[in-house]
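The values are calculated or read from the model by the stated rules, or taken from the named source; none is laboratory data. Please read these numbers as outputs of a predicted model, since none were measured by experiment. When we count neighbours, we look across all protein chains shown, and the Cβ atoms used for this are built from the backbone with ideal geometry, even at glycine.
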Amino acid sequence: MADPRFFTVAGPFSVAEIAARIGAEIAGAGKADRILTSVAPLESATADDVSFLDNPHYVETFRNTKAGVVIVNPKLAPQAPAGATLLVTPQPYRGYALAAQMFYPEPPPTPGIAPSAVVDPTATLGEGCAVEANAVIGPGATIGKRCLIGPNAVIGASVVMGDDVRVGANASVAYAMIGSRVRLYPGSRIGQDGFGFAPDPVAPVKVPQLGRVLIGDDVEVGANTTVDRGAGPDTVIGSGTMIDNLVQIGHNVQIGRCCVLVAQSGISGSTRLGNYVMVGGQSAMAGHLTIGDGARIAAQAGLMRDVNPGETVMGSPAVPRLEFHRMNINLRRLANKRKND
């Protein structure tokens, strides 16, 4: 069970209730009325816990688990220990995520404004909002229902947020229109000036950044991630996109729906990502590129060209995956040949 000092458990729930929530079929011992009280990894789960198996690498652990119920792919279900109750689904990790949400739902904010918070009288806060210590909400800002503004966070003038938005400690938001159920983690920076300068023999001349940041619904922006506002066109992040910690998104970037950006990746100005793009850690993209739907950018890739829909690229400069592997094989052969000469 998760540490009760930090996490409040709900339930208990029966196997049947969990199966209905995650869309799984009850199999194995099939004890639909069995009661579960928490979730746990295969190796430490007890008869009161729900666990899962998604990676074949852990089949041996699965065979020996004491979990009360295991969420498992149908291909791996025959490896279950005798007497185990199973919840069979093609997506066991997704099933586990939904089950964990049942047992550990995110608590709603405790409504109220801390005495040390500063809320401009022209700002509008929806019902059930919480504004924590030393937070600042600027003039004309519109905050939806049940939002949480964390300690020392700053919400700039005229910012608009939908319902159930959570802004972490020390985050700042300016020049932004944000949808519902968005999570901005501690230290994130939304809407600051984009990095725009005109070259000049004496010194660079700053270009005013006159756009906004538009964030759709159900987006997460990780801790210490920065999203620059547009220079004229807006910077756009599509609904359902997940952005890790320490990511840099430049001005005028447009990101589609349900993309995933891993830590320390960077996207230069005016590059466009389609829907369902996956960007690996420490990868970098030059400006003004177009990345097609479903493309995959490998970790540490250096991207200087457009990427077709569904294409996977690797390396720096980034090339298609098969070409990258061929290059590495040939390079290894050359190195071995030279060593043996």
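Structural remarks
- In segment 194-216, the residues that are aliphatic (A, V, I, L, M) and assigned to a strand (DSSP E or B): A198, V205, V213, L214, I215
- Some residue of segment 323-339 being surrounded by 13 or more Cβ atoms within 10 Å (Cβ to Cβ) and touching a Lys or Arg at 6+ places or on another chain (Cβ under 9 Å): no
Conditions (1) more than 21 Å from the chain's Cα centre (by Cα); (2) crowded, with 18+ Cβ neighbours inside 10 Å, marked per residue:
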site	(1), (2)
G162	no, yes
V167	no, yes
N170	no, yes
S180	no, yes
R183	no, yes
P186	no, no
I190	no, yes
G194	yes, yes
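- Scope segment 9-33; condition assigned to a loop (DSSP other than H, G, I, E, B) and buried (at least 20 other Cβ atoms within 10 Å of the Cβ); matching residues: A24
- One residue from G211, G232 being under 21 Å from A286 (Cα atoms), assigned by TED's automatic domain parsing to the domain that holds L289, modelled with pLDDT under 95 and surrounded by fewer than 22 Cβ atoms within 10 Å (Cβ to Cβ): G232
- Any hit, segment 218-226, residues being surrounded by 24 or more Cβ atoms within 10 Å (Cβ to Cβ) and within 22 Å of S316 (Cα to Cα): no
- Single condition T61 does not satisfy, out of (1) out of contact with any Asp or Glu (no Cβ under 7 Å at 6 or more places or on another chain); (2) surrounded by fewer than 18 Cβ atoms within 10 Å (Cβ to Cβ): (1)
- Breaking point among (1) in the same structural domain as E220 (by TED's automatic domain parsing); (2) in contact (Cβ under 8 Å) with a residue 40 or more places away in the chain; (3) in contact with an Asp or Glu (Cβ under 8 Å, 6 or more places away or on another chain), for G196: (3)
- Within segment 1-50, the residues that satisfy the criterion of being β-branched (V, I, T) and either without any contact (Cβ under 8 Å) to a residue 60 or more places away in the chain or over 24 Å from P90 (Cβ atoms) (or both) are T8, V9, I35, T37, T46, V50.
- Checked against the criterion of being in contact with a Ser or Thr (Cβ under 7 Å, 6 or more places away or on another chain) and over 16 Å from N73 (Cα atoms), the candidates A16, A20, A40 yield just one match: A40.
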